[in-house]
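Novice: The structure's right below; bear with me while I get my questions together.
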Amino acid sequence: MSGTARRYDPSEIEPRWVARWEEEGLYRAVGDGSRPKFYALDMFPYPSGDLHMGHAEAFSGGDAIARFRWMQGYDVLHPIGWDAFGLPAENAAIKRGIHPKEWTYANIDQQRRSFKRMGMSFDWSRQFNTCDPEYYRWTQWLFLKLYERGLAYRKLAPANWCPKDQTVLANEQVVNGACERCGTPVVRRDLVQWFFKTTEYAQRLLDDMDQLQWPERVLTLQRNWIGRSEGAEVRFEIAETGDEVPVFTTRPDTLWGVTFFVFAAEHPLVPKLAEVGGTWEEARALIERLQATPLTNREQAESREGVRLGVHAVNPVNREEVPCFVAPYVLMEYGTGAVMGVPAHDQRDFEFARAHGLPVRVVIRPPGGVLDPAEMVEAWAGEGVMVNSGPFDGTPSPEGIPRIAAWLEEKGVGRPAVTYRLRDWLISRQRYWGAPIPIVHCEACGEVPVPEEDLPVLLPEDVDFQPGGESPLARHPTWKHVACPRCRRDATRDVDTMDTFVDSSWYFFRYCSPHEEDRAFDPEAVRYWMPVDQYTGGVEHAVLHLLYARFFTKALHDMGLVPFVEPFTRLMNQGQVIYGGAAMSKSKGNIVEPMPIVERWGADTMRLTMLFAGPFEDDIDWKLIAPDPDRPPPVYHFLNRLWRVVCDAAGSDAPEPEALVRLRHRTVRVVTADYERYRFNTAISRTMELTNEIRRTLDAGGGARETAAVLVQLLAPMAPFIAEELWRAVLGKEGSVHTSSWPTFDPELAKEERATLVVQVDGKVRDRIEVDADADEETCRALAEASENARRAIGDRRVVKVVVRPPRLVNLVTAA
Ligand SMILES: [Zn+2]
Ligand SMILES: [Zn+2]
């Protein structure tokens, strides 16, 4: 056995290849149509510090896919940039007493160095960050395009306000009533805000999901967030004033059970109705109190407070007059801002009715039971049979829903209707570190868009950016004062900035032609590279970024700017990296940083550890993998073994035994399929088996040069440094392993070995058949059922059960 003097030394190998790859310009996307294209995209990072373990995991997976496609012969676009505006950078800068710009650019430099040290196969010529004027100029341009089409608009609306971050939030940024970022319970505030009309695309956002190869859980989260529900719009009339008030209900089958009617506090009819009903004093007190000390969203939903308005709503199905209330549990922005109260069949209505002594009328009889309103302790919201419901008595409630909707339409008091849970996207932020909204407010002309040739509206740097309830830009002495672009009179700029999710809703278009000076992107380049073939990132973006990016793409499609309607064909979510069963956090003191591990044991060890830990979408508990920070993660030992095995194989000219050749072909077949399905962990297991087999072969005096080279190729996308060093320096190959052709397999040689399939009838052996060792259940079953010997043994009896254990056993069980 020929040994080698060199030992595996990642701290020497890895920095050397980083420099060499950069010199050779290895990862430039070409875009000339000579090869099929592949757009591999990783969700771009926030530069709020150095790379963390989540980045190390996500980018190890994304990079493995990109490199795999390179080797398969694709022209790969694998870009990187920075999502550089937004609260994390701004808050961190405030804490450190420096400017967000300084903090952001320093972090970008740090992350760029770390990505390079990790050996990511990015096309560095395409990098940009969203806080550069060359980028946000086009974010502002896209705002204007949406504005032109009526998809960006301003209105006074109750908004989710985070008291800690001192800004409004989109609905998508409120999780269980609290700020998604800092966890502070959100309160409601009435503010004039900019919105993007995502609701206009609600149905298409649902319908186009058919085109997406995404994890089912992400599709389900989006579907639920959009929340389509079918029901009816019903028009109630106010008896005392004749005003018509529409309500939306998903349960028109419960209309005969209405015993009261409720308005949201912001409903425009409330002051008038309370005036007529003689209860304005009391109603106003409630409304003003809610405005002065806003309830959190949850408190609002749970409130059973309410004030009688002294007027009555007429139920159109039976002309019954029921009392009207104003109450905080009804929200203006859902449905129509008014609801019909059906206490017997809606829990919140039930609690409200009990609190205010209102009647409970049962109109749905649950299966196998009769409800007594006096005895009920909760509403029955399920299905049943309609009772006390006039012409619909005896109708099963699910059937009643569409029939009543149609009946309402016939009678001219309602119609079938669909609503969505999705709200328009609130994009104004009262914070500094974002793209200014390119609108000027003029007393004479109203809202005036900044002309395209005047973009970008630059974010001034000399601003006191401490959050203070209004936008810091409003406090700048001169910035907001401009001449109206239309009439040239004195006017003021909009002082809010855009939600950072606006920046990230279109960055994947920019990568296709990142240096365009005169437009957001080159439509030809976008047509060439898009849609993204493989998108990698965290599942926490299921309804934030991914929904917004889909909305933007559809809007751009409708403007004729892009030819497709979905931006990301395939999506891969990585799991979280946790420590000791819990999320890593400063307060728990359990944060592990990736870069010190990379420096000490190598980037290949870091990457392979991430990919070997389990299925890519599962969480990784770092404590289980590397409990002792002074000892390397276990794959480090595998890489050392690989190193020695390949060095030894390179030094031997002995012929390769057939068994090794067969295992090589089988491994290529299975590992290729594993990459296609992102089964990195099983791919690594297979290469470990092949490594062991090469060792055995060499020890027995056989050769393994060719198989060792294939082994190196199979690992190259996941452990790029050691693979390159073994390929070029040890095996003496020309060119980079990363531009070598992905190994192919001979299907004959790749077949598993043969196995003997034993066919039993009622437990007795009746036949033995030679099969492929990888024969599946169906094949084994079919072979057993076709066996002459087995059929003879079965005779007239009937087979009632078949036990299959491929590839070794089939037992046909017959009825006596
Ligand atoms: Zn917050
Ligand atoms: Zn004007």
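Read-outs: derived from the displayed coordinates by stated rules, not from any lab. If you're wondering where the values come from, they're calculated on a predicted model, not measured in any experiment. Note that we place each Cβ from the backbone using ideal geometry, even for glycine, and neighbour counts take in every protein chain shown.
Novice: Report, in debye and to the nearest 20, how large the dipole of the chain comes out about its Cα centre when Lys and Arg carry +1 and Asp and Glu carry -1 on their Cβ.
Specialist: It works out to roughly 1380 debye.
Novice: Give me the distance between the Cα centres of segment 596-642 and segment 283-355, rounded to whole Å.
Specialist: Each part reduced to its Cα centre gives a spacing of 57 Å.
Novice: Another question, if that's okay. With the dipole of the chain worked out from charges on the C-beta (+1 for Lys and Arg, -1 for Asp and Glu) around the Cα centre, which of 27, 476, 780 lies farthest toward the positive end?
Specialist: 780
Novice: Still on this structure, I have one more. With 10 angstrom as the radius, rank 577, 175 by how many other C-beta atoms surround their C-beta, starting from the fewest.
Specialist: 175, 577
Novice: To continue, here is another question. What percent does the relative contact order of the chain come to when contacts are Cα pairs within less than 8 Å and at least six residues apart?
Specialist: Details: 1565 pairs, mean separation 117.3, N = 816.
RCO, the chain: 14 percent.
Novice: Here's something else I'd like to know. List 808, 137 from most exposed to least, where exposure is judged by having the fewest other Cβ atoms within 10 Å.
Specialist: Final ranking by Cβ density, sparse to dense: 808, 137.
Novice: For segment 734-780 and segment 654-721, compute the distance between their C-alpha centroids and round to whole Å.
Specialist: 17
Novice: Near the amide H of residue 341, under 5 Å away, which other amide H atoms are found, from residues 5 or more places off or on another chain, if H is placed in the peptide plane?
Specialist: Under 5 Å from the amide H of residue 341: 259, 260, 261, 262.
Novice: Now a separate question. In the chain, with Lys and Arg counted as +1 and Asp and Glu as -1 at Cβ, which of these residues, 220, 583, 315, has the Cα nearest the positive end of the dipole, that is, farthest along it?
Specialist: 583
Novice: How much net charge surrounds residue 434 when only the other residues with a Cβ under 11 Å from the Cβ of residue 434 are counted, with Lys and Arg +1 and Asp and Glu -1?
Specialist: Values: positive: 429, 431; negative: 90, 496, 499, 503.
Combined, the nearby Lys, Arg, Asp and Glu give -2.
Novice: Let me ask you something else. May I ask you to derive the FRET efficiency for residue 207 and residue 320 from their Cβ-Cβ distance with R0 = 35 Å, giving the value to the nearest 0.05?
Specialist: According to the calculation, E is roughly 0.30.
Novice: Which of the lysines could be linked to residue 272 by a straight reach, that is with a Cα gap under 29 Å, when you skip same-chain ones fewer than 8 residues away?
Specialist: Qualifying lysines at Cα under 29 Å: 155, 411.
Novice: Could I ask something else about it? Per residue and in cubic angstrom, what volume does the convex hull of the Cα atoms of the chain have?
Specialist: Measuring per residue, one finds 234 Å³ for the Cα hull of the chain.
Novice: So what is the relative contact order for segment 753-814, in percent, with contacts set as C-alpha pairs under 8 Å and at least six apart?
Specialist: Result for segment 753-814 is 43 percent.
Novice: Sticking with this structure for a sec: Could you pull out every residue, at least 5 positions away or on a different chain, whose amide H is within less than 5 Å of the one on residue 439? Hs are placed 1.01 Å off N in the peptide plane, and Pro or chain starts have none.
Specialist: Here the answer is 450, 494, since their amide H atoms fall under 5 Å of that of residue 439.
Novice: Could you work out, for segment 121-199, what percent of all Cα-Cα pairs fall into each 10 Å distance bin, beginning at 0 Å and stopping at the bin that holds the largest distance?
Specialist: Once binned at 10 Å, the Cα pair distances of segment 121-199 give 16, 30, 34, 17, 3.
Novice: For residue 239 and residue 182, what is the calculated FRET efficiency with R₀ set at 45 Å and r taken between the beta-carbons, to the nearest 0.05?
Specialist: 0.40
Novice: Could I ask something else about it? Would you mind listing how long segment 228-420 runs along its three principal axes, going by Cα atoms, in whole Å with the largest first?
Specialist: For segment 228-420, the Cα spread along each principal axis is 47, 36, 31 Å.
Novice: How large is the direction-averaged shadow of the alpha-carbon convex hull of segment 533-589, in nm²? Write out the running numbers ahead of the final one.
Specialist: Values: hull surface 20.9 nm².
So the mean shadow area of the Cα hull is 5.2 nm².
Novice: Mind listing the phi-derived Karplus ³J(HN,Hα) values for segment 78-84, rounded to whole Hz, using 6.51, -1.76 and 1.60 with θ = phi - 60°, and x for any glycine or proline?
Specialist: The phi angles translate into 10, x, 9, x, 10, 8, 9 Hz.
Novice: Looking only at segment 235-266, which residues have a backbone nitrogen under 12 Å from a spot 7 Å from the Cα of residue 403 in the C-beta direction?
Specialist: 253
Novice: How large is Rg over Rh for segment 578-653, taking Rg from the Cα atoms and Rh as the Kirkwood inverse mean of 1/r across Cα pairs?
Specialist: Across segment 578-653, the Cα-based Rg/Rh ratio is 1.09.
Novice: For segment 453-570, what does the relative contact order come out to in percent, with C-alpha contacts under 8 Å and a separation of six or more?
Specialist: 18 percent.
Novice: Ok, one more. Leaving out same-chain residues fewer than 8 places away, which lysines sit with a Cα under 17 Å from that of residue 623?
Specialist: Counting by Cα, and skipping residues close in sequence, residue 623 has these lysines nearby: 586, 588.
Novice: While we're looking at this one, here's another question. Once you list every other residue whose beta carbon is under 12 Å from the beta carbon of residue 158, what net charge do they have if Lys and Arg are +1 and Asp and Glu are -1?
Specialist: Values: positive: 155, 188, 189, 423; negative: 190, 266, 333.
Charge balance in the 12 Å sphere: +1.
Novice: What does the helix-only formula give at 222 nm for the chain: each DSSP H stretch with n ≥ 4 adding -39500 (n - 2.57), the total divided by the residues, and the result rounded to the nearest 500 deg cm²/dmol?
Specialist: Helix-only estimate at 222 nm: -10500 deg cm²/dmol.
Novice: Considering the dipole of the chain built from charges on the beta carbon (Lys and Arg +1, Asp and Glu -1) around the Cα centre, which of 717, 800, 205 is farthest to its positive end?
Specialist: Toward the positive end, the furthest listed residue is 800.
Novice: Further question: Taking the Cα atoms of segment 753-814, what is the range of coordinates along each of the three principal axes, in descending order and whole Å?
Specialist: So the three principal-axis extents are 35, 18, 17 Å.
Novice: May I ask for the distance between the Cα centers of segment 202-233 and segment 111-153, given as a whole number of Å?
Specialist: Segment 202-233 and segment 111-153 have Cα centres spaced 27 Å from each other.
Novice: Please report, to two decimal places, log10 I(q)/I(0) for segment 308-414 at q = 0.12, 0.21, 0.22 Å⁻¹ as given by the Debye formula with identical point scatterers on the Cα atoms and no solvent.
Specialist: Debye output, listed in q order: -0.46, -1.38, -1.44.
Novice: Would any residue of segment 5-29 have its amide N under 14 Å from a label point 7 Å out along Cα→Cβ of residue 640? List them or say none.
Specialist: 7-11
Novice: Taking the beta-carbon count within 10 Å as an exposure proxy, list 493, 7, 415 from fewest neighbours to most.
Specialist: Going from least to most buried by this count: 7, 415, 493.
Novice: Residue 101: which aspartates and glutamates have alpha carbons under 14 Å from its alpha carbon, excluding same-chain residues fewer than 8 sequence positions away?
Specialist: Filter leaves 83, 90, 109, 132, 461, 462, 464.
Novice: If r is the Cβ-Cβ distance from residue 677 to residue 515 and R0 is 41 Å, what FRET efficiency results, to the nearest 0.05?
Specialist: Working: r = 36 Å, r/R0 = 0.87.
It comes to 0.70.
Novice: Out of residues 5 or more away from residue 361 or on other chains, whose amide H comes under 5 Å of its own, with H placed 1.01 Å from N in the peptide plane?
Specialist: Hits under the 5 Å cutoff: 344.
Novice: Per residue and in Å³, how big is the convex hull formed by the alpha-carbon atoms of segment 463-600?
Specialist: Details: hull volume 32.0 nm³, N = 138.
Per-residue hull volume (Cα only) is 232 Å³.
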